[in-house]
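The values are calculated or read from the model by the stated rules, or taken from the named source; none is laboratory data. This structure is a prediction, so every number in the text was calculated from the model and none was measured. Glycine gets a Cβ as well: all are built from the backbone with ideal geometry, and neighbour counts include every protein chain shown.
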């Protein structure tokens, strides 16, 4: 069995989570909304984190998202998470997930996908569990 680094152990999924999911997150691969929600649902309240900070964003399966300009700030104003810079998301019914629906009917999700503070971003008009991740936001500070 290969040796694991402390970082690998820290990023390990909660008990019962798919190891392939953790690999996809580390490599910015494709995951579904259902997989991300399942992971977030398995986090204990102690494992949740404050999403405020600076994030570097990566498109799933194609590397750095140049459109985000390198760093995206997320600020928590009470019950509202401001991001990118004019979007706002509120706590979802699942603890740790942030979501909103805009005036056009597009629903957005920011979902924790590891224990280091990375978030997966999903958006669609009528999101289904099979919806694929749009990009990853990896915490810088």
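Brief remarks on what is shown
- Restricted to region 42-54, and to residues there that are outside any helix (DSSP H, G or I) and over 11 Å from the mean Cα position of the chain (by Cα), the residue that is farthest from residue 92 (Cα to Cα) is 54.
- First in region 29-41 and on the phi > 0 side of the Ramachandran plot and part of a helix (DSSP H, G or I), second anywhere and at pLDDT below 95 and surrounded by 18 or more Cβ atoms within 10 Å (Cβ to Cβ), Cβ under 7 Å, 6 or more apart: none
- Checked against (1) closer than 14 Å to residue 110 by Cα; (2) at pLDDT below 85, residue 31 passes all but condition (2).
- Region 115-141, subset closer than 10 Å to residue 32 by Cα and surrounded by fewer than 21 Cβ atoms within 10 Å (Cβ to Cβ), residue modelled with the lowest pLDDT: 134
- Scanning region 62-114 for residues that are modelled with pLDDT under 85, touching a helix residue (DSSP H, G or I) at 6+ places or on another chain (Cβ under 8 Å) and at negative phi returns 94, 95.
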